[in-house]
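Only the coordinates and a few stated rules stand behind these numbers; no lab work does. What you see is a predicted model, and the numbers here were worked out from it, not measured in a lab. All Cβ positions, glycine included, derive from the backbone under ideal geometry; neighbour counts span all protein chains shown.
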């Protein structure tokens, strides 16, 4: 099958298929006489595996390791479990960091009255350790600020 068919079957974009080939996550595809890539069913299964692993947040290096384990029928599932447990620990650390950021932002928003004055606890926190801004910054409308008020 061609790259478009492999893409539709696996749920991986053609661009990502080419990328995965370039980094060795997917073996280089066979070529037809016309020079077009020719993927087989195993390639599509491998792509679907990679897509699912990416959906779960596994890094490329972890996916590389998982693919090696997947193709090794003599491996024990303890090896797979160990990779998954490392990833769980990484995700928990990221979640903790996100929760800390949310708590900080909630605190800052709560301490900001939203009045029409220059002093702002949010800006004070963001600028902590930074040099003071120049006397007058160029004025421009920010789409983000406009959307936030709407």
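Using a Gaussian network model on the chain with a 10 Å cutoff between Cα atoms, which of 15, 32, 136 fluctuates the most?
Answer for the Gaussian network model of the chain: 136.
Return the ratio Rg/(2.2 N^0.38 Å) for the chain, where Rg is computed over Cα atoms only.
Numbers: Rg = 24.4 Å, N = 150, 2.2 N^0.38 = 14.8 Å.
Compactness ratio reported: 1.65.
Which order results if 74, 79 are arranged by neighbouring Cβ count within 10 Å, fewest first?
Values: 74 4, 79 14.
Listed from fewest to most nearby Cβ atoms, that is 74, 79.
Using the Kirkwood radius over Cα pairs, work out the Stokes-Einstein diffusion coefficient for the range 1-47 at 4 °C and 1.567 mPa s, in µm²/s as a whole number. Walk me through the intermediate numbers first.
On the way: Rh = 10.3 Å.
This corresponds to a translational diffusion coefficient of 125 µm²/s.
Please arrange 80, 50, 44 by counting, for each residue, the other beta carbons lying within 10 Å of its beta carbon, fewest first. All intermediate terms of the calculation are to be shown ahead of the outcome.
Working: 80 15, 50 23, 44 20.
Exposure proxy ranking, most exposed first: 80, 44, 50.
Quick one: helix 77-111 against the long Cα principal axis of the chain, what's the angle to the nearest 10°, folded into 0 to 90?
20
Using helices alone, I'd like the mean residue ellipticity at 222 nm for the chain: each DSSP H run of four-plus residues gives -39500 (n - 2.57), total over residue count, nearest 500.
The per-residue figure over the chain is -19500 deg cm²/dmol.
Is any residue of the range 8-28 close enough, with backbone N under 18 Å, to a label point placed 7 angstrom from the Cα of residue 38 along the Cα-Cβ axis, and if so, which?
The answer is 27-28.
Within 10 Å of each residue's Cβ, count the other Cβ atoms and sort 36, 20 from fewest upward.
Numbers: 36 12, 20 21.
Taking fewest neighbouring Cβ atoms as first place, the list is 36, 20.
Could you identify which residue out of 85, 77, 116 has the top mean-square fluctuation in a GNM of the chain using Cα springs shorter than 10 Å?
Per the Cα network of the chain with a 10 Å cutoff, 116 tops the list.
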